Every structure is written in C-alpha cells, then in structure tokens.
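So the structure is just underneath, and the comments pick up after that.
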Amino acid sequence: MKHIKFRNSNKYIAINKIICVGRNYAEHAKELGNEIPEKPVIFLKPASAVIFSGEKIIHPHFSSVMHHEVELLILIGSRIKNANESESIKSISGFGVGLDMTLRDIQDELKKKGHPWTIAKCFDTSAVLSDFISADDYKLTGDEELSLSVNGFLRQKEKISMMLFPPVKLVEYISSLMTLEEGDIIFTGTPKGVGQVKTGDIIEAKLDELVSLKTEVTSELFHQSS
Ligand code: MG
C-alpha cells in the first residue's frame with residue numbers, strides 16, 4: 001500500500017481512491033476542443049498508478065503521445081457522504097501538487113468511440129504526487145499559482161482561482177456521487193498549456209513555493225532491461 005507524506009511532519013496516510021476532475025479550467029477545455037462543462041467531469045485512477053517526486057514516469061509501449069497535466073491535489077481526511085459546504089471544508093486535510101499523465105493519442109481514440117478513458121489515464125506511474133501540506137498549516141486563498149516546466153522551459157502557469165469548480169465545490173459534488181474517505185485524493189483538473197513529453201524529459205511542477213515535485217520520463221523498454 002502506498003502512503004502520502006506531509007511536509008514538515010512524520011505523518012503518513014495510506015492512499016485510498018483517486019478521483020480526477022476533467023475540464024476544470026475553461027482555457028484548457030478549449031485547447032482540446034471540448035465544451036465547457038455544466039458539471040465537473042469525473043474519472044478515477046487506481047492507487048497502483050502512483051509514484052512520488054524523485055521517481056520516474058514510464059512511457060507505456062502502447063502509446064506514442066503522452067501529455068503532462070499539472071493539477072492541485074486535495075487530500076480527504078474523513079469519511080463524508082452528501083456533504084454540505086462546511087462539512088466539505090472540514091473533510092479536506094491537505095493539499096499537494098500532482099501530474100495527471102495522460103496518453104493523449106489513446107484518449108482521443110477512446111473519446112471518438114464513446115469509451116471510458118481508463119487505458120489513457122490509469123497506467124503505472126500516471127499519477128505523480130508531491131508531499132502534502134496540512135490544511136491545519138495552510139489555507140488556500142485561490143491566489144496560489146500552479147506551474148509546470150519541462151527541461152527548464154515553462155509550459156503551464158495559472159492561478160487556481162481560474163478553476164470553474166473550486167476545491168470545496170468539487171468535494172461537495174463528488175460526495176453527492178460516492179462516499180469520500182480518509183486517504184482519498186482529488187486531482188482538480190489542469191490549466192491550459194498541456195503538451196507532449198518524451199523519454200529523457202525532466203518535469204518540474206509546483207504550487208507557489210508550498211509544494212513541488214520533480215520527475216523524469218523513461219521508456220518502458222529501458223525500464224524492463226534495467
Ligand atoms: Mg487532468
């Protein structure tokens with residue numbers, strides 16, 4: 001079982017389910033030719049997809065176009081169902097930054113067929129996590145900025161206030177669809193600027209100076225033989 005770690009603390013929490021939000025920034029929905037949704041688009045990733053800062057992303061052999069998506073992460077600290085606003089606020093125990101790595105060629109094919117995005121989103125190493133900052137130590141203001149660079153070049157940079165559905169609204173909405181429990185992680189969607197990464201690329205992402213991650217893309221063939 002994988003555990004998330006809090007910054008400046010010895011506390012660990014076992015990772016439960018991972019709920020992801022799609023199209024939560026208008027400019028990103030547009031860049032992929034999607035409509036701006038009336039309700040959050042929701043999908044899941046398995047905990048087996050998780051790696052942490054310092055570990056490598058393995059490019060699957062069955063795709064030729066892997067994209068980076070930098071996202072604010074919300075950690076759930078208590079069990080909630082049909083939560084109201086104040087219950088949703090209380091249930092959030094921390095924040096992090098993460099990468100929702102996506103096989104864009106596969107996802108485009110799946111979308112055309114009306115199939116689920118599972119194959120494009122759930123591969124091993126497709127969820128890269130930073131350490132988390134405790135909600136007791138820091139309250140989000142909306143002014144925080146997500147950013148991502150590849151080989152030192154900035155690709156994504158946006159304030160989290162640009163989300164169509166802000167963090168507390170997402171928790172409320174998701175809890176109306178399924179029970180949320182301690183150790184659940186919500187990927188809150190990516191801003192504009194997604195793009196391809198290849199073997200050897202170094203990806204760095206951060207939420208202001210609060211939390212950060214660094215990873216490298218490696219090929220499946222290299223990984224198997226090493
Ligand atoms: Mg995403």
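A few notes on this one:
- A count restricted to segment 112-132 and to residues that are open to solvent by 10 Å² or more (accessible area, probe 1.4 Å) and either at pLDDT below 95 or more than 16 Å from the ligand (Cβ to nearest atom) (or both) stands at 6.
- Test: residue 83 is away from the ligand (no atom under 14 Å from the Cβ) and aliphatic (A, V, I, L, M): yes
Results for (1) part of a strand (DSSP E or B); (2) more than 17 Å from the chain's Cα centre (by Cα); (3) hydroxyl-bearing (Ser, Thr, Tyr), shown as yes or no for each residue.
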site: 1; (1), (2), (3): no, yes, no
site: 16; (1), (2), (3): no, no, no
site: 27; (1), (2), (3): no, yes, no
site: 33; (1), (2), (3): no, yes, no
site: 38; (1), (2), (3): no, yes, no
site: 43; (1), (2), (3): yes, no, no
site: 58; (1), (2), (3): yes, no, no
site: 61; (1), (2), (3): no, yes, no
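- Selection within segment 64-80 - open to solvent by 10 Å² or more (accessible area, probe 1.4 Å) and more than 16 Å from the ligand (Cβ to nearest atom): 64, 77, 78, 79, 80
- For residue 53, the conditions (1) surrounded by 15 or more Cβ atoms within 10 Å (Cβ to Cβ); (2) farther than 25 Å from residue 136 by Cα; (3) of a type in the set (Gly, Ala, Ser) are fulfilled apart from (2).
- Residues within segment 141-172 that are part of a helix (DSSP H, G or I), surrounded by 16 or more Cβ atoms within 10 Å (Cβ to Cβ) and either basic (Lys, Arg) or out of contact with any Ser or Thr (no Cβ under 9 Å at 6 or more places or on another chain) (or both), tallied: 1
- Unmet criterion (only one of (1) in contact with a Cys (Cβ under 9 Å, 6 or more places away or on another chain); (2) open to solvent by 80 Å² or more (accessible area, probe 1.4 Å); (3) more than 18 Å from residue 108 (Cα to Cα)) for residue 44: (3)
- For residue 53, the requirement of being more than 16 Å from the ligand (Cβ to nearest atom) and touching a Lys or Arg at 6+ places or on another chain (Cβ under 6 Å) is met.
- Within segment 195-222, tally of residues that are open to solvent by less than 50 Å² (accessible area, probe 1.4 Å) and assigned to a loop (DSSP other than H, G, I, E, B): 3
- Number of the condition not met by residue 31 [criteria: (1) closer than 24 Å to residue 180 by Cβ; (2) within 16 Å of the ligand (Cβ to nearest atom)]: (1)
The values are calculated or read from the model by the stated rules, or taken from the named source; none is laboratory data. Just so you know, these numbers come straight off a predicted model, no measurement behind them. Please note: Cβ atoms are built from the backbone with ideal geometry, for glycine as well, and neighbour counts cover all protein chains shown. Areas reflect the complete protein model, heavy atoms only, side chains present, ligands, DNA and RNA absent. Shrake-Rupley method; radii C 1.70, N 1.55, O 1.52, S 1.80 Å.
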